[in-house]
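Asker: Please read through the structure below; I'll follow up with questions.
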Amino acid sequence: MSTQTIPYRDILDRLPADSTLTLRNVSWQEYEILLDSLTEASGLRVSYDQGTLQIVTLSSEHESYSRLIEKLVDRLSARLRIRVLSFGSSTMKRMERGKGTEPDACFYVQSAAVIGNKIHLDFASDPPPDIVVEIDVTHDSLAKFDSYAALGVPEIWRYDGKELFIYRLAKDEYLSAESSLALPMLTAGILTEFLNQSRLKDQYDVLLAFEEWLESLR
């Protein structure tokens, strides 16, 4: 297989929202070339796991939930004066491990001071985010957990459209947890409550309600 012969752009342009393209026997070099060709693309998540390449196209519903989570964490950071650095869906990859993936959102909390004012991250030397977010309203991200474990991500938030689950890394696997390790005031129940409110209210009203909840913590 070669990126010289397979018209990735033509294939991707034809993919509808909420669809998945899986290709096998893809080399790391081909994966890197594809990433370079998609630097200006939006609405995609690309994952690579030892020769298996997966490309997911996203819906507006998917993006709405991921943006809302980013805004909730941003409000919490500002109100409670907790240093949180957001790096969106940054590509996380380690060639020597044959792993690469893109979360729907990611945050540095405990490691924020190490990252400081860096704009460009190198996961061969920089620590992984303390939290990654996966929105599973139409796709299942569980297959990506092995890659996150190999990259050393301590915590995953996974929202399936009905409930948010928190997982913490223990040795080489993720175990379910009630609360966030990086942001312990946030429980799976609290995050689920405010995400589910967005089906009844617009994001502005959800954020106002979340700010009121933050005030109650003081």
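The values are calculated or read from the model by the stated rules, or taken from the named source; none is laboratory data. These numbers were taken from a predicted model, which means no experiment stands behind them. Please note: Cβ atoms are built from the backbone with ideal geometry, for glycine as well, and neighbour counts cover all protein chains shown.
Asker: Residue by residue through the range 146-159, note down the ones that are in a helix (DSSP H, G or I) and either surrounded by fewer than 17 Cβ atoms within 10 Å (Cβ to Cβ) or of a type outside the set (Ser, Thr, Tyr) (or both).
Answerer: Correct list: Asp146, Ala149, Ala150, Leu151.
Asker: Continuing with the same structure: Just need a number here: residues in the range 96-145 that are within 24 Å of Thr192 (Cβ to Cβ), free of Cβ contacts under 8 Å to residues at least 60 places away in the same chain and of a type in the set (D, E, K, R).
Answerer: 6
Asker: Go through (1) of a type in the set (Val, Ile, Thr); (2) under 27 Å from Thr91 (Cβ atoms); (3) not in a strand (DSSP E or B) one by one and return the number of the condition Thr192 breaks.
Answerer: (2)
Asker: So, of the residues in the range 160-180 that are small (Gly, Ala, Ser) and part of a strand (DSSP E or B), which turns out to be farthest from Phe145 (Cα to Cα)?
Answerer: If we take residues in the range 160-180 being small (Gly, Ala, Ser) and part of a strand (DSSP E or B), then Ser179 is farthest from Phe145 (Cα to Cα).
Asker: I need the full set of residues from the range 53-101 which are of a type outside the set (D, E, K, R), surrounded by 15 or more Cβ atoms within 10 Å (Cβ to Cβ), in contact with an Asp or Glu (Cβ under 9 Å, 6 or more places away or on another chain) and over 23 Å from Gly161 (Cα atoms), in order please.
Answerer: Leu53, Val84, Thr91, Met92, Gly98, Gly100
Asker: Out of all the residues in the range 124-140, which are in contact with a Ser or Thr (Cβ under 9 Å, 6 or more places away or on another chain) and closer than 19 Å to Leu44 by Cβ?
Answerer: Val132, Val133, Glu134, Ile135, Val137, Thr138, His139
Asker: Leu207 versus (1) closer than 22 Å to Ser86 by Cα; (2) not in a helix (DSSP H, G or I): which is the lone unmet condition?
Answerer: Tallying (1) closer than 22 Å to Ser86 by Cα; (2) not in a helix (DSSP H, G or I), Leu207 fails exactly one: (2).
Asker: Go through the range 40-88 and count every residue that is farther than 21 Å from Gln110 by Cβ and in a strand (DSSP E or B).
Answerer: Of all residues in the range 40-88, those farther than 21 Å from Gln110 by Cβ come to 40-68, 71.
Those still in the list that are in a strand (DSSP E or B) too: 44-49, 52-57.
Adding up the residues that qualify gives 12.
Asker: With the condition kept exactly as written, say whether any residue in the range 10-27 is part of a helix (DSSP H, G or I), among the β-branched types (Val, Ile, Thr) and at pLDDT below 85.
Answerer: Within the range 10-27, one or more residues are part of a helix (DSSP H, G or I), among the β-branched types (Val, Ile, Thr) and at pLDDT below 85.
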